[in-house]
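Engineer: One structure coming up, written as structure tokens, with questions to follow.
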């Protein structure tokens with residue numbers, strides 16, 4: 001059974017991904033549908049990460065309105081509840097009529113606010129006080145301003161590394177850590193690990209037997225085939241004999 005709400009949400013994500021990438025912002029996508037955000041935006045410095053919830057909102061009377069609610073459903077009905085804004089950094093609001101995504105930072109939301117209205121078309125009465133123009137929210141770079149971009153390089157993985165990645169994903173999930181997989185081969189890490197508090201994020205590079213070094217990983221996970229086990233190392237504690245080559 002298809003759910004129209006989920007279909008619209010999927011379309012919103014599909015429109016947001018290329019909009020981010022056109023501005024040098026790459027994404028990591030979660031395997032689970034139960035995280036409070038839809039993607040992690042990796043800014044062009046490969047260090048700054050932002051948790052992004054995507055919303056599909058049509059335009060009514062020249063404006064887009066967003067309530068700070070999250071929808072979930074079972075076989076009988078759709079439920080809504082106010083979100084914990086501490087588990088997000090950004091809203092990406094896709095407006096199909098304008099074919100445009102708007103980016104609203106959580107730090108722009110006052111504690112007493114339950115919704116926000118972005119004016120796609122100026123008010124007919126000429127009002128300016130308190131009016132938020134959607135045109136001021138279209139640049140994805142506004143979600144983390146003043147970032148200095150780093151040149152991107154192709155991330156090289158062998159077929160065995162791909163197997164190791166699947167092993168690492170299963171192992172992390174067994175530790176109640178949610179993996180968000182890189183949506184780009186030009187990120188210097190394979191995934192972002194979301195810790196159970198939904199606030200701590202770790203960039204992870206994975207390898208089979210050895211692992212490619214990068215200064216942009218917080219964790220390294222090495223799958224050891226002889227022991228059939230994954231080993232996790234902090235970036236400063238990776239043994240030299242497990243480093244495949246220096247890359248950053």
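Engineer: Quick one: what Rg and Dmax do you get for the range 159-242 from the alpha carbons, in Å?
Structural biologist: Over the range 159-242's Cα set, Rg and Dmax evaluate to 11.8, 34 Å.
Engineer: Continuing with the same structure: Can you compute the helix-only [θ] at 222 nm over the chain? Use -39500 (n - 2.57) per DSSP H run of at least 4 residues, normalise by all residues, nearest 500 deg cm²/dmol.
Structural biologist: -4500 deg cm²/dmol
Engineer: Stretched out fully, how many nm does the piece from residue 195 to residue 76 gain, at 0.36 nm a residue minus the Cα gap?
Structural biologist: 39.7 nm is the gain from fully extending residue 195 to residue 76.
Engineer: Report the full-extension gain for the segment residue 84 to residue 7: residue separation times 0.36 nm, less the Cα-Cα distance, to one decimal in nm.
Structural biologist: Additional length available on full extension: 25.4 nm.
Engineer: By the gyration tensor of its Cα atoms, with a ≥ b ≥ c the square roots of the eigenvalues, what is the shape of the chain: rounded for a/c under 1.5, prolate for a/b over b/c, or oblate?
Structural biologist: In terms of gyration-tensor shape, prolate.
Engineer: Still on this model: Report the Cα-based extents of the range 26-141 along its three principal axes, largest first, to the nearest Å.
Structural biologist: Taking max minus min along each principal axis of the Cα atoms, the range 26-141 gives 46, 44, 29 Å.
Engineer: What is the extension gain from residue 60 to residue 237, computed as 0.36 nm multiplied by their sequence separation minus the C-alpha to C-alpha distance, in nm to one decimal?
Structural biologist: Full extension from residue 60 to residue 237 adds 58.3 nm.
Engineer: Given springs between every Cα pair under 10 Å in a Gaussian network model of the chain, which of 147, 93, 40 has the largest fluctuation?
Structural biologist: 147
Engineer: While we're on this one: Test of understanding: in a Gaussian network model of the chain with alpha carbons linked when under 10 Å, which of 132, 81, 199 would top the mean-square fluctuation ranking?
Structural biologist: Fluctuation is largest for 81.
Engineer: Assuming R0 = 35 Å, what is the FRET efficiency of residue 173 and residue 124, from their Cβ-Cβ distance, to the nearest 0.05?
Structural biologist: 0.10
Engineer: Also, quick follow-up: Just the number, please: percent antiparallel of the DSSP beta bridges in the chain, rounded to the nearest 5.
Structural biologist: Antiparallel bridges: around 75 percent, rounded to the nearest 5.
A short reminder: the numbers here are calculations on the coordinates, not readings from a lab. If you're wondering where the values come from, they're calculated on a predicted model, not measured in any experiment. Methodologically, a virtual Cβ is constructed for each residue, glycine included, from the backbone with ideal geometry; neighbour enumeration extends over all protein chains shown.
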